[in-house]
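Below is one structure, written out as structure tokens; comments come after it.
The values are calculated or read from the model by the stated rules, or taken from the named source; none is laboratory data. Note that this is a predicted model, so its numbers are computed, not measured. As a convention, Cβ positions derive from the backbone with ideal geometry for all residues, glycine included, and neighbour counts pool all protein chains shown.
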Amino acid sequence: KNIAIVFPQFHEIPENNKFWGKGFTEWTLLKKMPYSLENEIIKRPHYDLGYYNLKDIKHRVYMENMAKKHEIHGFCYYHYWFKNKKIMYEPLELMLDDGHPDLPFMLCWANEQWTKRWDGGNNEVLIEQDYDDEEGNKNHFEYLLRYFKHKNYIKIKNKPVFIFYRIEEKDIKSI
């Protein structure tokens, strides 16, 4: 079955305002890019989607309709949790509250350190992951239960499918 990956971070959040400046989203850098660079065309959002913000129900309903039209079974949403703190959670919580998109879904925990490395920075850690935080791990699981129990959550043999973006050898026991 076709599962589309969804990155929910294309909206303003307090952490990005703190680290990158007021109003920053992942669209900010793309909008500043030239249309081509060293003979490579820089990809822009498809004209059907535009610079979307998944906090807006209209975008989520549109995404649902487009997925149905193109035979997309469901979505795999990136999920962010750092040291007992949820981040970029609003689109997912809104989906549960208002039911859109009304399609099967699953989560992928983007569980690496949040650093500046993607922008050519000095790899400064902005938000650290801590898998040894037992209370945080329990809270994370309790938070995830709401999703796992949802009627649209993707399951195999009645067990929720949950993806870890990255697991390093040193973290296996804690995870």
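Pull up the stretch 161-175, narrow it to residues that are surrounded by 14 or more Cβ atoms within 10 Å (Cβ to Cβ) and closer than 24 Å to P91 by Cα, then point me to the one that is farthest from the chain's Cα centre (by Cα).
V161
Could you please give the count of residues in the stretch 1-24 that are free of Cβ contacts under 8 Å to residues at least 24 places away in the same chain and surrounded by 11 or more Cβ atoms within 10 Å (Cβ to Cβ)?
6
For (1) surrounded by 15 or more Cβ atoms within 10 Å (Cβ to Cβ); (2) closer than 20 Å to N2 by Cβ, each residue gets a yes or a no:
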residue	(1), (2)
M63	yes, yes
K68	no, yes
P101	yes, yes
L107	yes, yes
A110	yes, no
E128	no, no
Y131	yes, no
F148	yes, no
K159	no, no
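Go through the stretch 121-141 and give me each residue that's within 16 Å of M106 (Cα to Cα) and either free of Cβ contacts under 8 Å to residues at least 40 places away in the same chain or of a type in the set (A, V, I, L, M) (or both).
Within the stretch 121-141, just F141 meets the criteria.
Among the listed residues I87, I154, identify the single one that is closer than 21 Å to H11 by Cβ and among the β-branched types (V, I, T).
I87
Identify all residues within the stretch 1-18 that are part of a loop (DSSP other than H, G, I, E, B), within 30 Å of I156 (Cβ to Cβ) and hydrophobic (A, V, I, L, M, F, W, C); write none if there are none.
F7, F10
Of a type outside the set (S, T, Y), touching a Ser or Thr at 6+ places or on another chain (Cβ under 6 Å), at pLDDT below 90 and under 30 Å from D132 (Cα atoms), is that true of F82?
No: the conditions fail for F82.
Filter the stretch 85-108 down to residues that are at pLDDT below 95 and in a strand (DSSP E or B) and give me whichever is farthest from N152 (Cα to Cα).
K85
Filter the stretch 56-84 for residues that are among the charged types (D, E, K, R) and part of a loop (DSSP other than H, G, I, E, B) and give the result.
D56, E71, K83
When I163 is evaluated against the numbered criteria (1) β-branched (V, I, T); (2) modelled with pLDDT under 90; (3) in a strand (DSSP E or B), which criterion, by number, is the only one it fails?
Every condition holds for I163 apart from (2).
Are any residues in the stretch 32-58 basic (K, R), surrounded by 10 or more Cβ atoms within 10 Å (Cβ to Cβ) and modelled with pLDDT under 85, and if so, which ones?
R44
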